[in-house]
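Novice: Once you've had a glance at the structure underneath, I'll fire off some questions.
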Amino acid sequence: MEHAGPEEIRKHLRLYMTVFGSLGVLTVVTVAASWLPVSVPLAILIALMIASLKAFLVAAFFMHLVSERAAIYGVLIVTVFFFLVMLIIPLMTHLGQHVLDHVT
Amino acid sequence: MSAEIPYITKPRPDTGLTNGKLGMWLFLASEVMLFGALFSAYVLLRVGAEEGAWPLGSDILNVPIGAVNTIVLITSSVSMVMAWASLKMEQPGRARVYLAVTLALAVLFLVVKVGWEYRPKLHHYTVWLVDGTSMDGHLDGAVDAAADHIMFVPDAEGDEHPEAMQISREQIKRISNFGPSHDNYLGIYWTMTGLHGLHVIGGVIAIAWFLVPGMALFRKDPEMYTNRIEYVGLYWHFVDLVWIFLFPIIYLL
(Lines give C-alpha, C1' and ligand atoms only; values in the text may rest on other atoms or scores of the structure.)
Protein backbone atom coordinates (compact mmCIF):
# COMPACT_ATOMS: atom_id res chain seq x y z
CA MET A 1 0.00 0.00 0.00
CA GLU A 2 2.99 2.26 0.64
CA HIS A 3 3.52 2.65 -3.11
CA ALA A 4 -0.10 2.61 -4.21
CA GLY A 5 -1.25 5.49 -6.40
CA PRO A 6 -4.07 7.97 -5.62
CA GLU A 7 -6.69 6.03 -7.60
CA GLU A 8 -5.95 2.78 -5.80
CA ILE A 9 -6.17 4.57 -2.44
CA ARG A 10 -9.53 6.12 -3.43
CA LYS A 11 -10.94 2.60 -3.94
CA HIS A 12 -9.99 1.75 -0.34
CA LEU A 13 -11.88 4.64 1.27
CA ARG A 14 -15.19 2.80 1.23
CA LEU A 15 -13.41 -0.24 2.71
CA TYR A 16 -12.07 1.87 5.61
CA MET A 17 -15.57 3.15 6.37
CA THR A 18 -16.99 -0.39 6.20
CA VAL A 19 -14.34 -1.58 8.67
CA PHE A 20 -15.17 1.40 10.92
CA GLY A 21 -18.85 0.47 10.93
CA SER A 22 -18.02 -3.17 11.62
CA LEU A 23 -15.80 -2.22 14.55
CA GLY A 24 -18.59 -0.12 16.03
CA VAL A 25 -21.10 -2.95 15.71
CA LEU A 26 -18.63 -5.45 17.19
CA THR A 27 -18.04 -3.13 20.17
CA VAL A 28 -21.79 -3.15 20.89
CA VAL A 29 -21.80 -6.95 20.45
CA THR A 30 -18.89 -7.21 22.92
CA VAL A 31 -20.82 -5.37 25.62
CA ALA A 32 -24.07 -7.26 24.87
CA ALA A 33 -22.27 -10.62 24.94
CA SER A 34 -20.97 -9.86 28.45
CA TRP A 35 -24.58 -9.92 29.69
CA LEU A 36 -25.14 -13.51 28.45
CA PRO A 37 -25.78 -15.95 31.33
CA VAL A 38 -22.80 -18.23 30.60
CA SER A 39 -19.92 -19.61 32.65
CA VAL A 40 -16.79 -17.48 33.14
CA PRO A 41 -14.57 -19.62 30.85
CA LEU A 42 -17.17 -19.43 28.05
CA ALA A 43 -17.58 -15.67 28.60
CA ILE A 44 -13.82 -15.24 28.29
CA LEU A 45 -13.76 -17.33 25.11
CA ILE A 46 -16.59 -15.30 23.51
CA ALA A 47 -14.97 -11.97 24.49
CA LEU A 48 -11.59 -13.01 23.11
CA MET A 49 -13.11 -14.25 19.86
CA ILE A 50 -14.89 -10.93 19.25
CA ALA A 51 -11.76 -8.97 20.26
CA SER A 52 -9.65 -11.10 17.89
CA LEU A 53 -12.05 -10.37 15.02
CA LYS A 54 -11.84 -6.63 15.74
CA ALA A 55 -8.05 -6.85 15.99
CA PHE A 56 -7.93 -8.70 12.65
CA LEU A 57 -9.94 -5.94 10.96
CA VAL A 58 -7.64 -3.20 12.35
CA ALA A 59 -4.45 -5.11 11.54
CA ALA A 60 -5.52 -6.33 8.09
CA PHE A 61 -7.03 -3.11 6.72
CA PHE A 62 -5.86 -0.11 8.77
CA MET A 63 -2.32 -1.46 9.16
CA HIS A 64 -2.42 -2.87 5.60
CA LEU A 65 -1.24 -6.30 6.72
CA VAL A 66 -3.47 -7.92 4.10
CA SER A 67 -1.12 -6.62 1.39
CA GLU A 68 2.14 -6.48 3.33
CA ARG A 69 5.50 -8.03 2.47
CA ALA A 70 6.72 -11.48 3.55
CA ALA A 71 9.41 -10.00 5.80
CA ILE A 72 6.73 -8.38 7.99
CA TYR A 73 4.78 -11.65 8.18
CA GLY A 74 8.02 -13.34 9.28
CA VAL A 75 8.53 -10.78 12.06
CA LEU A 76 4.94 -11.24 13.23
CA ILE A 77 5.03 -15.06 13.18
CA VAL A 78 8.14 -15.06 15.40
CA THR A 79 6.48 -12.48 17.68
CA VAL A 80 3.27 -14.51 18.03
CA PHE A 81 5.28 -17.65 18.82
CA PHE A 82 7.20 -15.99 21.66
CA PHE A 83 4.04 -14.26 22.90
CA LEU A 84 2.36 -17.67 23.24
CA VAL A 85 5.45 -19.03 25.03
CA MET A 86 5.25 -16.09 27.46
CA LEU A 87 1.57 -16.77 28.05
CA ILE A 88 1.90 -20.52 28.49
CA ILE A 89 5.02 -20.87 30.69
CA PRO A 90 3.55 -19.11 33.78
CA LEU A 91 0.31 -21.06 33.33
CA MET A 92 2.29 -24.31 33.24
CA THR A 93 3.91 -23.48 36.58
CA HIS A 94 0.47 -22.68 37.99
CA LEU A 95 -1.02 -25.93 36.66
CA GLY A 96 1.95 -27.85 38.03
CA GLN A 97 1.37 -26.40 41.48
CA HIS A 98 -2.33 -27.22 41.15
CA VAL A 99 -1.46 -30.88 40.51
CA LEU A 100 0.93 -30.92 43.48
CA ASP A 101 -1.73 -29.42 45.75
CA HIS A 102 -4.12 -32.24 44.82
CA VAL A 103 -1.55 -35.00 45.23
CA THR A 104 -0.26 -33.91 48.67
CA MET B 1 31.09 13.92 -0.49
CA SER B 2 27.76 13.30 1.26
CA ALA B 3 26.28 9.85 1.58
CA GLU B 4 22.49 9.63 1.56
CA ILE B 5 20.86 6.99 3.73
CA PRO B 6 19.25 4.55 1.29
CA TYR B 7 15.74 3.10 1.40
CA ILE B 8 14.10 6.08 3.15
CA THR B 9 11.41 6.47 0.47
CA LYS B 10 12.42 3.79 -2.01
CA PRO B 11 12.07 0.20 -0.73
CA ARG B 12 14.89 -2.29 -0.47
CA PRO B 13 14.78 -4.60 -3.49
CA ASP B 14 15.13 -7.78 -1.40
CA THR B 15 12.50 -7.13 1.32
CA GLY B 16 10.35 -4.59 -0.54
CA LEU B 17 10.34 -2.46 2.62
CA THR B 18 11.59 0.96 3.56
CA ASN B 19 13.76 1.35 6.67
CA GLY B 20 11.04 3.17 8.58
CA LYS B 21 8.37 0.56 7.95
CA LEU B 22 10.59 -2.36 8.98
CA GLY B 23 11.79 -0.40 12.00
CA MET B 24 8.26 0.42 13.12
CA TRP B 25 7.07 -3.19 12.78
CA LEU B 26 10.10 -4.42 14.77
CA PHE B 27 9.29 -1.84 17.46
CA LEU B 28 5.65 -2.99 17.51
CA ALA B 29 6.87 -6.58 17.90
CA SER B 30 8.70 -5.48 21.06
CA GLU B 31 5.54 -3.73 22.24
CA VAL B 32 3.61 -7.00 21.79
CA MET B 33 6.05 -8.58 24.24
CA LEU B 34 5.71 -5.65 26.67
CA PHE B 35 1.93 -5.74 26.80
CA GLY B 36 1.92 -9.51 26.41
CA ALA B 37 3.89 -9.84 29.63
CA LEU B 38 1.22 -7.85 31.46
CA PHE B 39 -1.59 -9.87 29.89
CA SER B 40 0.26 -12.98 31.02
CA ALA B 41 0.54 -11.52 34.53
CA TYR B 42 -3.20 -10.80 34.48
CA VAL B 43 -3.98 -14.40 33.50
CA LEU B 44 -1.74 -15.79 36.23
CA LEU B 45 -3.14 -13.49 38.92
CA ARG B 46 -6.67 -14.34 37.95
CA VAL B 47 -6.34 -18.13 37.80
CA GLY B 48 -4.31 -18.05 41.02
CA ALA B 49 -6.88 -16.01 42.94
CA GLU B 50 -9.01 -17.72 45.55
CA GLU B 51 -12.57 -18.64 44.67
CA GLY B 52 -14.69 -15.49 44.72
CA ALA B 53 -11.72 -13.19 45.37
CA TRP B 54 -11.45 -11.84 41.80
CA PRO B 55 -14.19 -9.24 41.20
CA LEU B 56 -16.33 -8.96 38.09
CA GLY B 57 -14.94 -6.05 36.08
CA SER B 58 -18.33 -4.42 35.64
CA ASP B 59 -18.79 -4.33 39.45
CA ILE B 60 -15.73 -2.11 39.86
CA LEU B 61 -15.39 -0.22 36.57
CA ASN B 62 -17.78 1.93 34.58
CA VAL B 63 -18.59 -0.09 31.44
CA PRO B 64 -20.40 2.70 29.49
CA ILE B 65 -17.38 4.98 29.93
CA GLY B 66 -15.05 2.18 28.83
CA ALA B 67 -17.26 1.51 25.79
CA VAL B 68 -17.30 5.22 24.89
CA ASN B 69 -13.52 5.32 25.11
CA THR B 70 -13.35 2.23 22.88
CA ILE B 71 -15.44 4.00 20.22
CA VAL B 72 -13.27 7.13 20.62
CA LEU B 73 -10.08 5.16 19.94
CA ILE B 74 -11.57 3.23 17.03
CA THR B 75 -12.73 6.51 15.46
CA SER B 76 -9.26 7.98 15.94
CA SER B 77 -7.82 4.95 14.13
CA VAL B 78 -10.13 5.64 11.20
CA SER B 79 -9.20 9.33 11.07
CA MET B 80 -5.51 8.35 11.22
CA VAL B 81 -5.78 6.04 8.20
CA MET B 82 -7.86 8.68 6.39
CA ALA B 83 -5.07 11.23 7.02
CA TRP B 84 -2.57 8.91 5.36
CA ALA B 85 -4.98 8.15 2.48
CA SER B 86 -5.52 11.89 1.94
CA LEU B 87 -1.77 12.41 1.65
CA LYS B 88 -1.54 9.55 -0.88
CA MET B 89 -4.35 11.24 -2.86
CA GLU B 90 -2.33 14.50 -2.76
CA GLN B 91 -4.86 16.29 -0.52
CA PRO B 92 -2.65 17.71 2.30
CA GLY B 93 -5.34 20.09 3.56
CA ARG B 94 -7.74 17.22 4.16
CA ALA B 95 -4.91 15.22 5.76
CA ARG B 96 -4.33 18.03 8.29
CA VAL B 97 -8.01 17.97 9.22
CA TYR B 98 -7.93 14.21 9.78
CA LEU B 99 -4.72 14.50 11.82
CA ALA B 100 -6.33 17.21 13.96
CA VAL B 101 -9.40 14.97 14.49
CA THR B 102 -7.11 12.08 15.51
CA LEU B 103 -5.30 14.34 17.97
CA ALA B 104 -8.56 15.66 19.43
CA LEU B 105 -9.94 12.14 19.91
CA ALA B 106 -6.70 10.99 21.56
CA VAL B 107 -6.87 13.90 24.00
CA LEU B 108 -10.57 13.14 24.63
CA PHE B 109 -9.63 9.54 25.50
CA LEU B 110 -7.13 10.79 28.07
CA VAL B 111 -9.52 13.36 29.54
CA VAL B 112 -12.24 10.71 29.97
CA LYS B 113 -9.77 8.24 31.44
CA VAL B 114 -8.21 10.62 33.94
CA GLY B 115 -11.27 12.70 34.74
CA TRP B 116 -14.04 10.10 34.84
CA GLU B 117 -12.14 6.95 35.75
CA TYR B 118 -8.85 7.53 37.53
CA ARG B 119 -9.81 10.55 39.63
CA PRO B 120 -13.03 9.07 41.12
CA LYS B 121 -11.14 5.90 42.01
CA LEU B 122 -8.64 7.84 44.07
CA HIS B 123 -11.53 9.28 46.12
CA HIS B 124 -13.36 5.99 46.56
CA TYR B 125 -12.29 3.88 49.55
CA THR B 126 -12.68 0.43 51.06
CA VAL B 127 -12.50 0.09 54.84
CA TRP B 128 -11.70 -3.37 56.18
CA LEU B 129 -12.75 -3.76 59.82
CA VAL B 130 -11.22 -5.99 62.47
CA ASP B 131 -14.50 -7.96 62.70
CA GLY B 132 -13.88 -9.25 59.15
CA THR B 133 -16.44 -7.06 57.36
CA SER B 134 -15.67 -4.32 54.84
CA MET B 135 -17.40 -1.24 53.43
CA ASP B 136 -16.96 0.78 50.25
CA GLY B 137 -17.60 4.52 50.29
CA HIS B 138 -16.07 7.96 50.59
CA LEU B 139 -14.32 9.85 53.35
CA ASP B 140 -16.36 12.73 54.72
CA GLY B 141 -13.98 15.67 54.96
CA ALA B 142 -10.22 15.62 55.40
CA VAL B 143 -8.67 12.93 57.58
CA ASP B 144 -7.10 14.32 60.74
CA ALA B 145 -3.94 12.32 61.49
CA ALA B 146 -4.30 13.10 65.22
CA ALA B 147 -7.98 12.10 65.43
CA ASP B 148 -8.98 8.70 66.80
CA HIS B 149 -11.69 8.17 64.18
CA ILE B 150 -12.65 8.80 60.56
CA MET B 151 -15.97 9.99 59.14
CA PHE B 152 -17.07 7.62 56.37
CA VAL B 153 -20.04 7.73 53.98
CA PRO B 154 -20.82 4.20 52.76
CA ASP B 155 -21.93 3.72 49.16
CA ALA B 156 -25.68 3.98 48.69
CA GLU B 157 -27.70 0.90 47.85
CA GLY B 158 -30.85 1.48 45.84
CA ASP B 159 -32.62 4.73 46.86
CA GLU B 160 -30.75 5.10 50.15
CA HIS B 161 -28.87 8.26 51.04
CA PRO B 162 -26.52 7.09 53.77
CA GLU B 163 -25.33 9.53 56.39
CA ALA B 164 -21.68 9.88 57.37
CA MET B 165 -20.75 7.42 60.10
CA GLN B 166 -17.93 7.53 62.61
CA ILE B 167 -15.46 4.63 62.57
CA SER B 168 -12.86 4.53 65.33
CA ARG B 169 -9.25 3.72 64.48
CA GLU B 170 -9.37 0.59 66.67
CA GLN B 171 -12.10 -0.87 64.46
CA ILE B 172 -10.10 -0.37 61.27
CA LYS B 173 -7.88 -3.18 60.03
CA ARG B 174 -7.02 -1.50 56.74
CA ILE B 175 -8.21 1.39 54.57
CA SER B 176 -7.35 1.95 50.92
CA ASN B 177 -8.61 3.99 48.01
CA PHE B 178 -9.29 2.23 44.71
CA GLY B 179 -5.71 2.82 43.63
CA PRO B 180 -3.24 0.14 42.53
CA SER B 181 -2.51 -1.04 46.09
CA HIS B 182 -6.18 -1.88 46.78
CA ASP B 183 -5.95 -5.46 45.51
CA ASN B 184 -4.48 -7.51 42.64
CA TYR B 185 -7.36 -6.71 40.30
CA LEU B 186 -6.97 -2.96 40.66
CA GLY B 187 -3.19 -3.34 40.66
CA ILE B 188 -3.24 -4.96 37.23
CA TYR B 189 -5.98 -2.53 36.05
CA TRP B 190 -3.93 0.56 36.92
CA THR B 191 -0.71 -0.94 35.52
CA MET B 192 -2.17 -2.02 32.18
CA THR B 193 -4.40 1.00 31.55
CA GLY B 194 -1.67 3.30 32.87
CA LEU B 195 0.94 1.88 30.49
CA HIS B 196 -1.61 2.07 27.67
CA GLY B 197 -2.33 5.69 28.65
CA LEU B 198 1.38 6.52 28.48
CA HIS B 199 1.41 5.09 24.96
CA VAL B 200 -1.57 7.30 24.07
CA ILE B 201 0.39 10.32 25.35
CA GLY B 202 3.34 9.26 23.18
CA GLY B 203 1.03 9.09 20.18
CA VAL B 204 -0.39 12.53 21.00
CA ILE B 205 3.13 14.00 21.02
CA ALA B 206 4.04 12.34 17.71
CA ILE B 207 0.81 13.34 15.94
CA ALA B 208 1.02 16.90 17.27
CA TRP B 209 4.57 17.16 15.97
CA PHE B 210 3.57 16.04 12.47
CA LEU B 211 0.56 18.35 12.52
CA VAL B 212 2.47 21.50 13.40
CA PRO B 213 6.30 21.74 13.17
CA GLY B 214 6.65 18.54 11.17
CA MET B 215 4.53 19.92 8.34
CA ALA B 216 7.69 21.64 7.10
CA LEU B 217 8.86 18.19 5.99
CA PHE B 218 5.78 17.86 3.76
CA ARG B 219 6.79 20.97 1.85
CA LYS B 220 10.38 19.72 1.52
CA ASP B 221 9.73 16.02 0.76
CA PRO B 222 6.05 15.01 0.59
CA GLU B 223 6.82 11.33 -0.04
CA MET B 224 8.99 11.05 3.09
CA TYR B 225 6.35 12.89 5.15
CA THR B 226 3.59 10.58 3.86
CA ASN B 227 5.63 7.51 4.73
CA ARG B 228 6.26 8.81 8.24
CA ILE B 229 2.55 9.42 8.71
CA GLU B 230 2.04 5.77 7.75
CA TYR B 231 4.57 4.67 10.38
CA VAL B 232 2.94 6.84 13.08
CA GLY B 233 -0.36 5.37 11.93
CA LEU B 234 0.96 1.83 12.48
CA TYR B 235 1.89 2.81 16.05
CA TRP B 236 -1.51 4.41 16.60
CA HIS B 237 -3.42 1.39 15.29
CA PHE B 238 -1.37 -0.79 17.64
CA VAL B 239 -2.40 1.39 20.59
CA ASP B 240 -6.01 0.87 19.45
CA LEU B 241 -5.40 -2.90 19.16
CA VAL B 242 -4.18 -3.12 22.76
CA TRP B 243 -7.32 -1.34 23.98
CA ILE B 244 -9.51 -3.67 21.88
CA PHE B 245 -8.24 -6.53 24.08
CA LEU B 246 -7.93 -4.55 27.32
CA PHE B 247 -11.53 -3.34 27.36
CA PRO B 248 -13.33 -6.71 27.41
CA ILE B 249 -10.72 -8.42 29.60
CA ILE B 250 -10.56 -5.75 32.31
CA TYR B 251 -14.05 -4.20 32.12
CA LEU B 252 -16.37 -7.03 31.17
CA LEU B 253 -14.97 -10.28 32.54
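The values are calculated or read from the model by the stated rules, or taken from the named source; none is laboratory data. The model shown is predicted, which means the values in this text are computed figures rather than measured ones. Cβ: placed from backbone, ideal geometry, glycine included. Neighbour counts: every protein chain shown.
Novice: Just to be sure, is B:Met135 hydrophobic (A, V, I, L, M, F, W, C) and within 9 Å of chain A (Cβ to nearest Cβ)?
Specialist: No, not satisfied.
Novice: Could you check, for the range A:59-73, whether at least one of its residues is among the aliphatic types (A, V, I, L, M) and farther than 30 Å from B:Ser86 by Cβ?
Specialist: No, because not a single residue in the range A:59-73 is among the aliphatic types (A, V, I, L, M) and farther than 30 Å from B:Ser86 by Cβ.
Novice: If you don't mind, there's one more thing I want to ask. Out of the residues in the range B:1-34 that are of a type in the set (A, V, I, L, M, F, W, C) and at the interface with another protein chain (Cβ under 9 Å from one of its Cβ atoms), which is nearest to A:Glu68 (Cα to Cα)?
Specialist: Here the answer is B:Leu17.
Novice: More than 30 Å from B:Trp190 (Cβ to Cβ), part of a helix (DSSP H, G or I) and either in contact with a Pro (Cβ under 7 Å, 6 or more places away or on another chain) or free of Cβ contacts under 8 Å to residues at least 24 places away in the same chain (or both) - does that describe any residue in the range B:47-55?
Specialist: No, the range B:47-55 has no match at all.
Novice: In addition: Within the group B:Ile5, B:Ile60, which residue is of a type outside the set (S, T, N, Q) and surrounded by fewer than 17 Cβ atoms within 10 Å (Cβ to Cβ)?
Specialist: After ruling out the rest, the residue left standing is B:Ile5.
Novice: Under 8 Å between Cβ atoms, which residue pairs at least 6 apart in sequence (or on different chains) link something in the range A:42-64 that is within 16 Å of B:Leu246 (Cα to Cα) with a partner that is not polar (S, T, N, Q) and not in a helix (DSSP H, G or I)?
Specialist: Final answer for the pair search is A:Ala43/A:Leu36; A:Ala43/B:Leu253; A:Ile44/B:Leu253; A:Ile46/A:Leu36; A:Ile46/A:Val38; A:Ala47/B:Leu253.
Novice: I've got another one for you. If you scan the range A:48-104, which residues turn out to be outside any helix (DSSP H, G or I) and within 14 Å of the chain's Cα centre (by Cα)?
Specialist: Of everything in the range A:48-104, just one residue is outside any helix (DSSP H, G or I) and within 14 Å of the chain's Cα centre (by Cα), namely A:Met63.
Novice: Are there any helices (runs of 4 or more DSSP H) wholly within the range B:144-253 with 3 or more residues that are away from chain A (no Cβ under 14 Å), and if so which?
Specialist: B:184-211, B:215-220
Novice: Name the single residue that is nearest to B:Leu246 (Cα to Cα) among those in the range B:12-21 being free of Cβ contacts under 8 Å to residues at least 60 places away in the same chain and either surrounded by 19 or more Cβ atoms within 10 Å (Cβ to Cβ) or small (Gly, Ala, Ser) (or both).
Specialist: My answer is B:Leu17.
Novice: Same structure again: Go through A:Ile9, A:Ile77, A:Ile72 for me and flag whichever is surrounded by fewer than 12 Cβ atoms within 10 Å (Cβ to Cβ), among the hydrophobic types (A, V, I, L, M, F, W, C) and more than 27 Å from B:Val68 (Cβ to Cβ).
Specialist: A:Ile77
Novice: Do we find a residue being over 21 Å from B:Thr102 (Cα atoms) and within 7 Å of chain A (Cβ to nearest Cβ) anywhere in the range B:60-78?
Specialist: So far as the range B:60-78 goes, yes, one or more of its residues are over 21 Å from B:Thr102 (Cα atoms) and within 7 Å of chain A (Cβ to nearest Cβ).
Novice: Got a number for residues in the range B:168-220 being hydroxyl-bearing (Ser, Thr, Tyr), modelled with pLDDT of 95 or more and exposed (fewer than 14 other Cβ atoms within 10 Å of the Cβ)?
Specialist: Residues that pass the stated criteria total 1.
Novice: Another one. Could you say which residue among B:Val101, B:Val81, B:Val107 is assigned to a helix (DSSP H, G or I) and over 30 Å from A:Ala4 (Cα atoms)?
Specialist: Answer to the selection: B:Val107.
Novice: Here is a further query. For the range B:126-143, enumerate the residues that are in contact with a Lys or Arg (Cβ under 8 Å, 6 or more places away or on another chain), within 15 Å of B:Asn177 (Cβ to Cβ) and part of a loop (DSSP other than H, G, I, E, B).
Specialist: Hits for the range B:126-143: nothing passes.
Novice: Further question: Being within 27 Å of B:Leu45 (Cβ to Cβ) and charged (D, E, K, R) is the filter here, so list the residues in the range A:44-100 that pass it.
Specialist: A:Lys54
Novice: I need every pair where a residue in the range B:220-237 that is within 13 Å of B:Ala85 (Cα to Cα) has its Cβ under 7 Å from the Cβ of a residue that is of a type in the set (S, T, N, Q) and surrounded by fewer than 21 Cβ atoms within 10 Å (Cβ to Cβ), sequence separation at least 6 or different chains.
Specialist: B:Glu223/B:Thr9; B:Asn227/B:Thr9
Novice: Please find, among A:Val19, A:Val28, the residue that is within 18 Å of B:Ser77 (Cα to Cα) and either touching a strand residue (DSSP E or B) at 6+ places or on another chain (Cβ under 8 Å) or surrounded by fewer than 14 Cβ atoms within 10 Å (Cβ to Cβ) (or both).
Specialist: A:Val28
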